[in-house]
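The values are calculated or read from the model by the stated rules, or taken from the named source; none is laboratory data. If you're wondering where the values come from, they're calculated on a predicted model, not measured in any experiment. Don't worry about glycine lacking a Cβ; one is built from the backbone with ideal geometry, like all the others, and counts go over all protein chains shown. To get the accessible areas, we keep the full protein, side chains included, count just its heavy atoms, and leave off ligands, DNA and RNA. Shrake-Rupley method; radii C 1.70, N 1.55, O 1.52, S 1.80 Å.
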Amino acid sequence: MTKRLESIIKEEITPANLVSLLRPIAAYIGLKKLKGKELSIYLGAVMLTDVLDGILARKQGPSPLGGHIDRISDHATEVIAYSCLGYPVQAKVHAVRDLIVDFTLAMGWADEKDKPRSDPYSKTAYASLKAAAFMLTPLNRKAGNALGLLATAVSLERALELYDPVVQNR
């Protein structure tokens, strides 16, 4: 093994990153195997792993690519969940939104850290809304869809914040 590969493995194979990488796989398996109340509880547990990986990363210190791994895992989990729950339009909207936002951030055209996150569109509020939509859908499709549409609207609002010069100059 080359020294560079050894270094990457040592730095990036962390408990937090493993939890992040397993989240979309776990979501997919549950969405294909479970139904009703069991699926609702399972999706709630899968969504809580996003909190867990954050706690682990803060406790052990972040890895160089940890934030990117977490972001990509979150996006993949969203698209998988929306697709498997029968919301292909929302899955596509999120996929395109995520690609645009990630490209913008990767190119350095915007910095998410400079944006206010204490408003109602905070990461925690959005994550909670998304988790509630995923958990409610197996129990009540109309209510889950309503929350899913609201989560999509919030997601788009958060993305537009990156391009808003008023927000950028706060």
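So what J values fall out for the range 19-33 if you push phi through Karplus, 6.51 cos²θ - 1.76 cosθ + 1.60 with θ = phi - 60°, rounded to Hz, Gly and Pro as x?
Here the 3J(HN,Hα) series is 4, 4, 5, 7, 4, x, 5, 4, 4, 4, 4, x, 5, 8, 9 Hz.
Could you go through the range 81-88 in sequence order and give the Karplus-derived ³J(HN,Hα) for each residue, using 6.51 cos²θ - 1.76 cosθ + 1.60 with θ = phi - 60°, rounded to whole Hz, and x for Gly and Pro?
5, 4, 5, 5, 7, x, 10, x
222 nm [θ] for the chain, helices only, -39500 (n - 2.57) per DSSP H run of 4+, per residue, to 500?
-25500 deg cm²/dmol
Can you tell me which of Met107, Met47, Met135 moves the most in a GNM of the chain? Springs connect C-alpha atoms under 10 Å apart.
Met107
If you plug each phi of the range 156-163 into the Karplus form 6.51 cos²θ - 1.76 cosθ + 1.60 with θ = phi - 60°, what whole-Hz ³J(HN,Hα) values come out, in order, with x for Gly and Pro?
5, 4, 5, 5, 5, 4, 5, 9
With every atom except the alpha carbons ignored, what do you get for Rg and Dmax of the range 1-142, in angstroms?
My reading of the Cα-based Rg and Dmax gives 16.2, 53 Å.
Using the heavy atoms of the protein chains and a 1.4 angstrom probe, tell me the accessible area per residue for the range 1-155 in square angstrom.
I get 59 Å² per residue for the range 1-155.
If we sort 56-66, 13-23 on the protection proxy, mean other Cβ atoms within 10 Å, highest first, what's the order?
In descending order of packing, they fall as 13-23, 56-66.
For the chain, how many pairs of lysine residues have a Cα-Cα distance under 18 Å, where the two are 8 or more positions apart or belong to different chains?
Lysine pair count for the chain: 8.
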